[in-house]
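Here is the structure we will look at, set down as structure tokens.
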Amino acid sequence: VEQVSLARDAIDVLRAGKTRFHLIIANINSPDGQFLQLVQQAATTETPIILTTSWNEDPLHVRQAIELGAFMYLAKPLKSETMANMWQHLLREDLRRKRDAEIFAKSADDSFGGIEKERRRRLKREGDDVAAPAKEVKRKECTEWTAELHDKFMAAVQQLGEGRCFPKEILELMNVPGLTRMQVASHLQKCRNDNWRSPEERRA
């Protein structure tokens, strides 16, 4: 147990980090007026803070403290039975924090796993595009990307979603005879480099 007279002294103790506190009880009417800064500092160390206040305290002050992370506030005078039962609330809060941390860690792992799987799928698809049979390259090539052809291309991109579109899928959706995956891949790269401007806009 450590006792200080001013909110700023409590802030200094928390910043020093020499002691791990399980609970902070602070007077909302600290003479130095830094009770909100104390609430913020307590939140950064994930230390529950209970504010004591008079029954006629300005509700705005209480609301600000709660929004900044205060655990609860209690009206003076404090009752002994209230303090005796406080451990139940602290235990519940500690369990909640641990549960939230576990959920966050699992979510981060799942997210990373999904990103890695998508990266491998993308590399495989791009590899398929590069390793396309030579006879496909020899098909009749499209001489020019017309406005109509570009519109079909953009419609396919929008349907797939820019972050998940690949030449093979775009080619299948466009369904244009004579158009090859290499041509689609080249046009896709040009569009990305030119911020998705049409051929006419690029020439202009």
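Screening VAL13 on (1) surrounded by fewer than 15 Cβ atoms within 10 Å (Cβ to Cβ); (2) in contact with an Asp or Glu (Cβ under 7 Å, 6 or more places away or on another chain); (3) in a helix (DSSP H, G or I) shows it passes everything except condition (1).
Scanning segment 18-42 for residues that are touching a strand residue (DSSP E or B) at 6+ places or on another chain (Cβ under 7 Å), among the polar types (S, T, N, Q) and at pLDDT 85 or above gives no hits. Residues in segment 155-204 that are polar (S, T, N, Q) and part of a helix (DSSP H, G or I) were compared, and the one that is modelled with the highest pLDDT is GLN183. All of ARG15, ARG8 fail the test of being modelled with pLDDT of 85 or more, among the basic types (Lys, Arg) and under 31 Å from the mean Cα position of the chain (by Cα), apart from ARG15. A search for C-beta distances below 8 Å between a residue of segment 17-29 that is under 16 Å from ILE50 (Cα atoms) and any residue that is among the hydroxyl-bearing types (Ser, Thr, Tyr) and outside any loop (DSSP other than H, G, I, E, B), counting only pairs 6+ apart in sequence or on different chains, returns ILE25/THR52; ALA26/THR52; ASN27/THR52; ASN27/THR53; ILE28/THR52; ILE28/THR53; ILE28/TYR73; ASN29/THR53. Of all the residues in segment 52-93, those that are out of contact with any strand residue (DSSP E or B) (no Cβ under 9 Å at 6 or more places or on another chain), small (Gly, Ala, Ser) and surrounded by 14 or more Cβ atoms within 10 Å (Cβ to Cβ) number 0. The single residue among ALA16, ALA10 that is touching a helix residue (DSSP H, G or I) at 6+ places or on another chain (Cβ under 8 Å) and on the phi < 0 side of the Ramachandran plot turns out to be ALA10.
Of the candidates TRP87, TRP55, the single residue that is modelled with pLDDT under 80 and outside any helix (DSSP H, G or I) is TRP55. Is there a residue in segment 104-115 that is under 23 Å from the mean Cα position of the chain (by Cα), acidic (Asp, Glu) and modelled with pLDDT under 75? Yes, there is a match, as at least one residue in segment 104-115 is under 23 Å from the mean Cα position of the chain (by Cα), acidic (Asp, Glu) and modelled with pLDDT under 75. Quick check on GLU67: is it outside any helix (DSSP H, G or I) and either in contact (Cβ under 8 Å) with a residue 60 or more places away in the chain or under 23 Å from the mean Cα position of the chain (by Cα) (or both)? For GLU67, the condition - outside any helix (DSSP H, G or I) and either in contact (Cβ under 8 Å) with a residue 60 or more places away in the chain or under 23 Å from the mean Cα position of the chain (by Cα) (or both) - is not met.
The values are calculated or read from the model by the stated rules, or taken from the named source; none is laboratory data. As the structure is a computational prediction, the values presented were derived from the model and not from experiment. So basically every Cβ, Gly included, is an ideal-geometry build from the backbone, and we count neighbours across all protein chains shown.
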